[in-house]
Structure formats: C-alpha cells, structure tokens
1. Among helices (runs of 4 or more DSSP H) lying entirely in segment A:141-225, which contain 3 or more residues that are open to solvent by less than 10 Å² (accessible area, probe 1.4 Å), more than 10 Å from every other protein chain (Cβ to nearest Cβ) and within 22 Å of A:PHE269 (Cβ to Cβ)?
2. Would you point out which residue out of A:GLN92, A:GLN68, A:GLN42, A:GLN72 is within 14 Å of chain B (Cβ to nearest Cβ), closer than 21 Å to A:GLU139 by Cβ and of a type in the set (S, T, N, Q)?
3. For segment B:241-248, does any single residue satisfy the condition of being out of contact with any Lys or Arg (no Cβ under 6 Å at 6 or more places or on another chain), polar (S, T, N, Q) and within 14 Å of A:GLN197 (Cβ to Cβ)?
4. Only one residue in B:ILE190, B:ILE276 is at pLDDT below 90 and assigned to a helix (DSSP H, G or I). Which one?
5. Considering only segment A:106-123, I want to know if a residue exists there that is open to solvent by less than 10 Å² (accessible area, probe 1.4 Å), touching a residue at least 24 places away in the same chain (Cβ under 8 Å) and at positive phi.
6. Sort out which residues of segment B:248-260 are within 15 Å of B:THR28 (Cβ to Cβ) and either at pLDDT below 90 or within 14 Å of chain A (Cβ to nearest Cβ) (or both), and write them in order of number.
7. For segment A:355-378, what are the residues that are in contact with a helix residue (DSSP H, G or I) (Cβ under 8 Å, 6 or more places away or on another chain) and either of a type in the set (S, T, N, Q) or open to solvent by less than 40 Å² (accessible area, probe 1.4 Å) (or both)?
8. Among (1) hydroxyl-bearing (Ser, Thr, Tyr); (2) within 20 Å of A:MET150 (Cα to Cα); (3) over 17 Å from the mean Cα position of the chain (by Cα), there is one condition A:TYR290 misses while meeting the rest; what is its number?
Amino acid sequence: MKTRTILAASCLFAAFGIAHAEEPVKIGFISTFSGPTGQLGQELLDGFNLGLKSVGGTLGGRPVQVIQADDQAKPDVGRQLADKMIESDHVQIITGVNFSNVMLAIAKPVLDSGAFIVSINAGPSQYAGKLCHPHYFNESFQNDTLPEAMGIYLRENGVKRVYLMAPNYPAGKDFLAGFKRTFKGDIAGEVYTAFGQLDYAAEIAQLRAAKPDAVFFFYPGGMGINFVKQYAQAGLKDQIRLYGPSFSMDQTVLPGMGDAAVGGFVSTFWSEDFENAASRKFTADFEAAYGRIPSPYAANAYDGARMLDAALKASGGKIEDKAAFQKALESVKFESVRGNFKFNANHHPIQDSYLAQIVKDAKGRPAMKRLELIKADQADSYASDCVMKPAK
Amino acid sequence: MNSLLLIEQSLNGLQLGVQLFLMAAGLTLVFGIMNLINLTHGSLFMIGAFVAAAVLARSGSFVLALVVAVPATALAGALLEAVVLRRFYHRGHLDQVLVTFGLILVINELVRMVWGAVPVPMALPPLLSGAVNVLGVSYPSFRLAILVVGVIVALALYFVVAHTRIGMWVRAGASNRAMASAMGVNVELIFLLVFAAGAALAGLAGIMAGPISAVQVGMGEPILILALVVTVIGGIGSIKGAFIASLLIGVVDTFGRVLLPPALGSMIIFMMMAAILAFRPRGLFPVHG
C-alpha cells in the first residue's frame, strides 16, 4: 500500500516536472544533541546550516526542509528516528550522524528503503569496504584514515617508540589499529581506558615510566580534555609530544584544554588556517554567526551541504531520479574548504592529509596551525574490498 | 612496578579517593539524614565548577573563585531543597530518583543555555601549577592540594558531626528522625542546613576538579556514580564510612586500572562493592540502628 502511494506520487511528479521546483528536498538530520557529546550534533548542524546559507538556502534551486532529531548517541534511538523519518516524513537523504555505531544501526534500513545516506562525519569501515552501496556516500573521512596518516608521518620522521592510548570501545580500537597499520615501529605500550574516564593520573604515571618517544592518543570530547590537562600537569607536555587525529585536539575541545594542548600535533584534512578562498569565507562566516572558531566537524558539514547543492544542480534538481542523483554525486565538483576533494569508487573521499600543530592564535586562543602535507590524495584502506553494485 | 612508581600510584589513588570523598560526604549525609536519594548532587558539582571557571576567567583569582563558587553552590542547593526536594522526603525512593533525574536534565540544559555546549577553560592557579617532591616522586602540586583540602574537610566534618551540638542534632536526625523532632530539634532547619552544606561540598569538589578535568555540561554524572558506590560501601549516612570507602575505592581503582586488563580494571570497584555488600549489606559503617 505504502509503496504504491509512493509510486503513484513519483509518477505524478514525473508527469508534472514543474512540481519539482516547489516541492522541498527533505533531509533527515540525525545527530547527537544531548548528553556529554551533545555538542557534536550542534557543531555539525551549525556547519551544515551555514553551508546551506552559503548556497542561498536552496539545494539545486529547490527549497530544503531539514528535519532534525537527537539520537542521544544510542544506536537503537537512531534506528527508530531513521524509520520514522523514512516512513512518515518521507525524507530523501539522511545525514548528520556522528557516531559510527549509530550509522551501522541505521544504514541498512535507510538504504533498503531507497533513500540516500550522505555522511558528514561517521565513517565506519564496513560501508567503505564490503558493504559499500550505490546510495551510501561519505564526504567526510573513513575512520582509519587520520590515524593512518599520523602513522606515516611518525614512521617517516624517525620516531621509534610510540605509546598508544584510547578509550575501550570500537572506535578507540579502530583508531589505534589504523595507526599501527602504517606506523610499523615499536609500540611502547597500548592502553585502553574506560569510556568516559575522568582521571588518568595512574595511566600517565605508567606512561612516563615506559619512556616512549611519542604518545599517539585518541580521546574525543571531555575525555580528551581530562587527559590533555592532566598530561600537561604531570610535566610531560614538553618532554614527550602528544600526537593524535584532529578529533583529539580540535575546536570542540581546545577551548577547554587551553594552554595544556599547545605544542601537540594532529593529523587532519582541514584546519582553521587553510588558505583557500572557500575556507577563509567559511571560518569568517562561522565565527561571525556563532562566535567561535569552527572545528573540522563543522567544516565537513559545511562541505556536505555545498556538495549536495552542486550535485542537485548537476542533476537538474531532480533528486527523485535516483540514478541521476547518484551519478551527479559520484562526479560532483564543488569548492571544498579542504581544497582537494573527490570521491573514490567506494563513495568515500580521496583527499590530502596534513600535519598541524596546536599553537596560540592572534587572540591567544589555542588553534590548529597547518605545518606540512603528509599524504596527497589519501584513499582509505577498504576501497579494494568494495564491489560497487550498479545504480538502482 | 618499582618503588617510586608504587609511591606515585599510591598518591594517585589517595588523591582520587579524597576527591571522591568531597562528593560522597554530602551525598551520604543527605541520603542518611533525610532518606533522600539526591541525584542532583552531580549537578551541584557541575554548578560549582562552572561558577568558579566564570569567576576565574573574569578575575584571574582562584581564591576569589573559591570564595564565590562555594556559597553560590550552597545557595543553589538550598533553593533546590526549599523549592522542590522538600516535598519528596516522604515519598518513595523511586519518586525521588525520578524527580532528581529530571532535575539533572533541566539543570544540564540551563547550564548549556548560559555557558554554551563547548567546554569552558579553567586553568590551574599559578601558585599550584608546578610539581613538588614527595618521597622522591615529582608530584603535581595541585593534586597534592586536593589531597590536603580533602583531609582538612574530612577532619572538620568529623569534628562538627562528633563534637558539636549541631552535629549531635544531625546524628539524632540520622538515627531517628521522629524522635529527634519530638525532642525539640528543628528538623526542617537542620535538613536545609545539611542540604546546603552537602551542596557546598559538592561545589568544592567541582571547583577542585575543574583545573584537572573538562568543565562541560554533564560533567557531574560520571563522578556521581562513583560517589553513590562510595556511599553504599561506606554505610549510608556515615562520614567515617564515606572517608574510608573513598580511599579504598581510589586506591583499588587506581591499581586495578594499572595492573588488570582494561575490561576487568574498569569493573573492579563494582565487583568490590558486590563483595562487601554480600558480607555487610548495610555497608562498612552502618548508621541506622
């Protein structure tokens, strides 16, 4: 019954092509807006809305309706929201998801329904490899790529012994595994701590005793603030340098870390001092609109909205023609704040990764400063497992 | 583990324990005396940290931050007691858990509205930003300060509860509320004072935690869980029990994290709680007769 209604509706739209112009593109924005990580959903939404605004508030000339919902960082809640958005709101694109475990819970039902997933953050390996899907696009990053980039940098710069730390949950293990895939040197210690841990004094004492050359850590959110502050207070900040993916020390946590983070290094696809025109406009507009420096999360979300606009323009605004929209996304051209960006065959990005250091900006705030290119045109390690099915 | 590392980890364990004690002391008093499960204790911890961070950012003085934030948290606690929680003393524990859980969500949103979702900075006081030598170990001086403050608070609380008239009323209220009331103790006032004092301690814990951890919305919840564990192990209502259980948990947790595999290390204190409750269902130092 339901499918028949949808079919009938799409026939109607096909017959009266003009209706496209008025009918809004419906986007379901599922992200985490509450709880300790509730800041991430807001950061992504702020970036996405600013991206929409930068292209005139429309996508490919069509009005947009963004339906926002809070997954509370829980896969089951995300799944319920996705089902509701597909069945009663009839969204055509789901985006916004920040946690990989939420993405894994919602991707199959959403894709089975025929809707598109355009990830602006979560990048689980499954959908970059074996589960890759014609309607699944990730324009941000695959989870493993930034730790892999840092592994390459430390290996090439003669760092011998590295101490690894991450929370004991799937993404924590993925990040350290990604690092080890490219680093190949000695691992002085590999420590997994409880998710949400407050105090790291005991782990830091063990770390100091192990005398590594460097520390690679992945602690998103408040955990990272706790760890970096306590690391600096233990007097280790200038003795054993901290390295991490951008999420460990970006603008969602840097204000809380303050001086403790200064001197640390991150691998990133974008930093707030990027020199291209799109990026300069983005950082200026973001600060004017929200009164803070944007993070790479917001940059990816901003790019996501602009990419959708470019793809819909290329396909004549007809998101209902799924094959055409898919093709338009695959070969999409837009001015990315990250500069060099294109989709790989597995619908995940090929982009440049950089080394950045945390320094103080002109106003004395800690911020990322881009130092050097680590790897140009970096693709993820799962693309070879992907056999992309023909368009539906 | 060599002896220097052993000393350092022991200090870490004691320091964590003392930090927990600051949280658990108020919780156990409120729970023991008013028979109220107060989950908003974590929110008071957060309020203390946020107010202190705001004062510190404007004035640059950590002492001023303490002087402003502790009374501010006590006031917030007193308001909470007088406006909402007072009506729940005679209700069941489930109602109390529901209302205080709801209040956690409300207070979190209020803090988010005032200070925003981005964690706020809170630096160490410059005087305590270095390290001191303790038995051959270079130890962060601020952590040592937490240790000292915690021990002073514990001694002061012990003195007040065990050797003053107010303490006598508090103990009377804790062991038999109806009888204390009949003997002419103004139970309502005592309750308000105890609640405000507990809130002040939670605020103090938040202020001391601010420089070493993230000052962000929801920061009180993880430590609230540990404080509840301390309260239950120590015996509900017992300051002495809370102090000993705090140190026990701090030390066991610290060494458990270092010596055991990660999954086991993060469970060890809950296993310890289960083991202690199996033999002493009312905790180590039960108060109620």
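1. Working: elements: A:145-156, A:170-183, A:201-210.
By residue number, A:145-156, A:170-183.
2. Details: A:GLN92 fails: within 14 Å of chain B (Cβ to nearest Cβ); A:GLN68 fails: within 14 Å of chain B (Cβ to nearest Cβ); A:GLN72 fails: closer than 21 Å to A:GLU139 by Cβ.
Of the residues listed, the single one that is within 14 Å of chain B (Cβ to nearest Cβ), closer than 21 Å to A:GLU139 by Cβ and of a type in the set (S, T, N, Q) is A:GLN42.
3. Going through segment B:241-248, the residues out of contact with any Lys or Arg (no Cβ under 6 Å at 6 or more places or on another chain) turn out to be B:241-248.
Those left that are additionally polar (S, T, N, Q): B:246.
From what's left, within 14 Å of A:GLN197 (Cβ to Cβ): none.
Checked segment B:241-248: no residue is out of contact with any Lys or Arg (no Cβ under 6 Å at 6 or more places or on another chain), polar (S, T, N, Q) and within 14 Å of A:GLN197 (Cβ to Cβ).
4. On the way: B:ILE276 fails: at pLDDT below 90.
It is B:ILE190.
5. Scanning segment A:106-123 turns up no residue that is open to solvent by less than 10 Å² (accessible area, probe 1.4 Å), touching a residue at least 24 places away in the same chain (Cβ under 8 Å) and at positive phi.
6. At the first step, the residues of segment B:248-260 found to be within 15 Å of B:THR28 (Cβ to Cβ) are B:248-249.
Hit for segment B:248-260 is B:ILE249, nothing else.
7. Correct list: A:LEU355, A:ALA356, A:ILE358, A:PRO366, A:ALA367, A:MET368, A:ILE374, A:GLN378.
8. If we test A:TYR290 against (1) hydroxyl-bearing (Ser, Thr, Tyr); (2) within 20 Å of A:MET150 (Cα to Cα); (3) over 17 Å from the mean Cα position of the chain (by Cα), just (2) comes out false.
The values are calculated or read from the model by the stated rules, or taken from the named source; none is laboratory data. Owing to the predicted nature of the structure, the values given are computational and were not obtained by experimental measurement. Neighbour counts run over all protein chains shown; Cβ positions are idealised from the backbone, glycine included. The area values use the complete protein model at the heavy-atom level, side chains included, leaving out ligands, DNA and RNA. Shrake-Rupley method; radii C 1.70, N 1.55, O 1.52, S 1.80 Å.
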